[in-house]
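Following: one structure in structure tokens, then a few remarks.
The values are calculated or read from the model by the stated rules, or taken from the named source; none is laboratory data. This structure is a prediction, so every number in the text was calculated from the model and none was measured. In this analysis, Cβ positions are derived from the backbone assuming ideal geometry, glycine residues included, and neighbour counts consider all displayed protein chains. Protein only, heavy atoms only, side chains kept; ligands, DNA and RNA dropped before computing areas. Shrake-Rupley method; radii C 1.70, N 1.55, O 1.52, S 1.80 Å.
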Amino acid sequence: MTTSIQAPNHKITVYVVSCWIFAAFGGLMFGYDIGISGGVSGMDDFLIKFFPNVYKRKLIAKENNYCKYDDQLLQLFTSSLYLSALVASFFASKACSALGRRPTIFMASIFFIAGAILSAASEYRWMLILGRILFGVGVGFGNETVPLFLTEVAPIQLRGAVNIMFQLFVTIGIFIANLVNYGTSTMHPHGWRVSLGLAAVPAVLLLIGCFVITDTPASLIERGKDEQGKAALKKVRGVDDVEAEYKELVAACEQAKEIKHSFRNLMKGASIPPLVIAILIQIFQQFTGINAIMFYAPVLFQTMGFKSDGALLSSVITGLVNVGSTFVSIFAVDKVGRKKLLLQACCQMLISHLAIGIILTTSLRETGSLNKTLATVVVVFVCTFVMAFAWSWGPLGWLIPSETFPMETRTAGFAFAVSTNMLFTSVIAQAFLTMLCHMQAYIFFFFSGWIVLMGVFVIVLLPETKGVPIESMVDTVWKKHPVWKKCFKNE
Ligand code: BGC
């Protein structure tokens, strides 16, 4: 599809690419946190200091394979971050509209650095939890702003690929965190402090990036800074001739300025379809079961009978698969389109979950472990699952909500995507170990059921948005969709 507003005469300059990369460090922050928690909460020194009961239970021989880590407080350690990010994303949405994308990214990095310092220095549980909350605010602010930033500065033909740099950095963050945990697990007794403290590194990089990147043209024009907006547009397009696109942006912003209450307007006409899609896509993303694997990979692999080290190593392997497969998405998303990637992945994830479920339910008893061959087969299916997620529901869960809202409700609508992600991430973080304890390996069949539902969602409700200019989404996509056109009946 071609577009009138973004003629492909732009240049990909060093500056343009620097903006993409620096902003994407926000994804690194988020990913590092996802990857670090599981490993840290499996470290003996950490458990002895903050969760001695869990540690004692872990030591009891012949304990039930599926239940040894089930502890609400330990799960609260992981999930408190997501609850605070959930709340923070709404404040971030306000900041994003009123102050702009760049200052909001700046705030994200500051909160995250504060969280890293407090967590690494923790002596008491309350310090640990407060550190998590600060991390959470950083993630809430970062996740609200970075995907929007990338979508808004991206040239249309590369919009998917540029946005997916956020997810790419998420996966790199998870992978680095797995490596860090692997190294610090033998640093007694303070390895966990190193793991948590190193979270400051991506945040500092993001902070530095704030001095390099420009605010997005859309955000500047929306806040009445038209001249600065035009200058920013020239910078992110790498050319001086941006008049046509500039005029389109001014027109879209004029309309947006008339809307005073963006949250209230979310419940009206053009914003309803993207809102429903944003919320559902994020719920589904979490119910693929990805974070059961990401947070608890070391714990999960130990459950399957790998020793501590082997377990961490296996999660390093899944981390690597996650990064590698995200590249597939970067190259495919603007060519193959969003829907095909999501559907293909549903099939692959379904097969993987079913295979893992069948092997574990038939071969892993409550005590004892899997034999080597079966354990390896399980790791292979975990990898095929992660692979499919990484080129589909992972990146597209962020891309689609960032490109489908009209300007006037974009930040408010995207806040719902972020907060839904956080809510359901924390639900999984909080509930997974308990569910594993009660449902045992049948949990993989539970996730399989969700994946079937997701396939139906893609076929029936999700439109293809590849190549459609953001500002013409309403006319080109929503008003023509067999289900969603009903929202415009009264116009
Ligand atoms: C999800 C995270 C997940 C990560 C895995 C992200 O898109 O939002 O919950 O842990 O992908 O790579």
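Please work out the FRET efficiency for the pair LEU320 and ALA98, using the Cβ-Cβ distance as r and a Förster radius of 45 Å; give the result to the nearest 0.05.
On the way: r = 41 Å, r/R0 = 0.90.
So, using R0 = 45 Å, E works out to roughly 0.65.
With each pseudo-label sitting 7 Å past Cα toward Cβ, what's the LYS268-ILE12 distance in nm, one decimal?
So the two model labels end up 4.0 nm from each other.
On average, how much accessible surface per residue is there in region 2-488, in Å², for a 1.4 Å probe, leaving out ligands, DNA and RNA?
Numbers: 17360 Å² over 487 residues.
Ligands and nucleic acids excluded, the result is 36 Å² per residue.
Which of TRP192, SER426, TYR246 sits farthest toward the positive end of the charge dipole of the chain, with +1 on the Cβ of Lys and Arg and -1 on the Cβ of Asp and Glu?
Looking along the dipole axis, the top candidate is SER426.
So for the pair GLU243, THR186, with labels modelled 7 Å out along Cα→Cβ, what separation do we get in nm?
Each label point lies 7 Å from its Cα, and together they span 6.6 nm.
Identify all lysines with a Cα-Cα distance to LYS268 below 25 Å; exclude those on the same chain that are fewer than 8 residues away in sequence.
Partners found: LYS94, LYS257, LYS260, LYS466, LYS479, LYS480, LYS485, LYS486, LYS489.
Expressed as an acute angle from 0 to 90° and rounded to the nearest 10, what is the orientation of the C-alpha long axis of helix 410-439 relative to the principal long axis of the chain?
In the chain, helix 410-439 runs at an angle near 10 degrees to the longest axis.
Compute log10 of I(q)/I(0) for the chain with the Debye formula, placing one identical point scatterer on every Cα and leaving out solvent, at q = 0.07, 0.08 Å⁻¹, to two decimals.
The computed values of log10 I(q)/I(0) come out as -0.35, -0.46.
For a quick check of understanding: with a 1.4 angstrom probe and all protein chains in place, what accessible area in square angstrom does ILE277 have, to the nearest ten?
Solvent-accessible area, nearest 10 Å²: 0 Å².
Full-extension gain between MET439 and ALA231, please, as 0.36 nm times their residue separation minus the C-alpha to C-alpha distance. It would help to have the intermediate numbers written out before the result.
Values: separation 208, 0.36 × 208 = 74.88 nm, distance 5.72 nm.
Result: 69.2 nm gained on full extension.
So what is the relative contact order of region 2-488, in percent, for Cα pairs below 8 Å that sit 6 or more residues apart?
On the way: 847 pairs, mean separation 125.3, N = 487.
Computed value for region 2-488: 26 percent relative contact order.
Share of the chain's accessible area from carbon and sulfur, percent, 1.4 Å? Don't skip to the answer; put the middle values down first.
Working: 12370 of 17970 Å².
In the chain, the share of accessible area belonging to carbon and sulfur is 69 percent.
Using heavy-atom solvent-accessible surface (probe 1.4 Å) with all chains present, what is the largest-first order of GLU403, GLU464?
In descending accessible area the options line up as GLU464, GLU403.
Please give the contour-minus-distance gain from GLN72 to VAL194: 0.36 nm per residue of separation, less the Cα-Cα distance, rounded to one decimal in nm.
Working: separation 122, 0.36 × 122 = 43.92 nm, distance 2.45 nm.
Result: 41.5 nm gained on full extension.
What order do you get for 340-351, 262-273 when each peptide is scored by the mean count of other beta carbon atoms within 10 Å, highest first?
On the way: 340-351: 19.8, 262-273: 18.0.
My ranking of the peptides, most packed first, is 340-351, 262-273.
If the only charges are +1 at each Lys and Arg Cβ and -1 at each Asp and Glu Cβ, what is the size of the charge dipole of region 302-438 around the Cα centre, to the nearest 20 debye? Numbers along the way, then the final one.
Working: 8 positive and 5 negative charges, 51 e Å.
The dipole magnitude comes to about 240 debye.
Are there cysteines in the chain with no second cysteine's Cβ under 4.7 Å away, and if so, which?
Those would be CYS19, CYS96, CYS210, CYS253, CYS346, CYS347, CYS383, CYS487, since no other cysteine Cβ in the chain comes under 4.7 Å of theirs.
Using the Cα centre of the chain as the reference point, and only Cβ charges (+1 on K/R, -1 on D/E), how large is the resulting charge dipole? Debye, rounded to the nearest 20. Don't jump to the answer; show the numbers that get you there.
Details: 39 positive and 29 negative charges, 112 e Å.
In debye, rounded to 20, the chain gives about 540.
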